[in-house]
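Working notes, beginning with the structure itself.
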Amino acid sequence: MQPDSQTDLVLERVLEVPRALVWTCWTTPEHLMHFFIPRPHRVTACEIDLTVGGRFNTTFDVDGAEIANQGVFLQVIPQTRLVFTDTYTEGWKPNPEPFMTAILDLADEGACRTRYRAMARHRSAEARQTHEDMGFHTGWGIVVDQLEAYAKTLP
């Protein structure tokens with residue numbers, strides 16, 4: 001899938017952990033809560049129904065403010081691709097103010113390494129720019145660093 005420079009932001013890395021472990025971290029609430037938002041902020045709740053149309057809900061504590069995010073999975077290809085969006089919530093209920101669709105692609109890179117590609121797809125160039133100005137590359141970079149460090153602590 002080729003990114004559209006007008007609406008998409010992309011972060012790519014090679015992680016020093018196996019793909020199966022990255023997948024487990026992304027699809028298991030108790031693991032996801034350890035890395036999914038840059039510290040010192042934290043995930044306080046996470047619900048995952050890993051099916052197309054299944055919920056992907058998270059709640060964050062950001063400087064004492066509670067921020068709830070509700071969404072659904074659009075595509076689930078085990079250990080390869082996750083696509084989720086806040087455009088809809090569970091039951092395909094439209095979100096009146098959606099922000100983005102995320103596309104996570106994972107591939108083996110050899111020697112227990114994973115090619116990690118995260119794309120944030122937005123409804124407009126303006127929404128993309130807002131996300132970039134919010135610190136997309138820094139924030140999502142911190143998240144992937146936290147993911148890699150956390151995954152290395154798991155058996």
Surface share of carbon and sulfur [accessible, 1.4 angstrom probe, percent] for the range 1-152:
50 percent
Excluding T59 itself, calculate the net charge of residues whose Cβ lies under 11 Å from the Cβ of T59, where each Lys or Arg counts +1 and each Asp or Glu counts -1.
-2
Rounded, prolate or oblate for the range 1-76? Axes are the square roots of the Cα gyration tensor eigenvalues, ordered a ≥ b ≥ c, and the cut-off for rounded is a/c under 1.5.
rounded
Please say if the chain is rounded, prolate or oblate, where rounded means a/c under 1.5 for a ≥ b ≥ c the square roots of the C-alpha gyration tensor eigenvalues, and otherwise the choice is prolate for a/b larger than b/c and oblate otherwise?
rounded
Distance from the Cα centre of the range 1-71 to that of the range 82-137, in angstrom?
9 Å
Could you do me a favour and compute the accessible area per residue for the range 33-121, 1.4 Å probe, result in Å²?
52 Å²
Between T44 and A127, what is 0.36 nm times their sequence separation minus the Cα-Cα distance? Round to one decimal in nm.
27.2 nm
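The values are calculated or read from the model by the stated rules, or taken from the named source; none is laboratory data. Remember, it's a predicted structure, so these values are computed and weren't measured experimentally. Heads up, the Cβs are rebuilt from the backbone with ideal geometry, glycines too, and the neighbour counts pull from every protein chain shown. Only protein heavy atoms, including side chains, enter the accessible area calculation; ligands, DNA and RNA are left aside. Shrake-Rupley method; radii C 1.70, N 1.55, O 1.52, S 1.80 Å.
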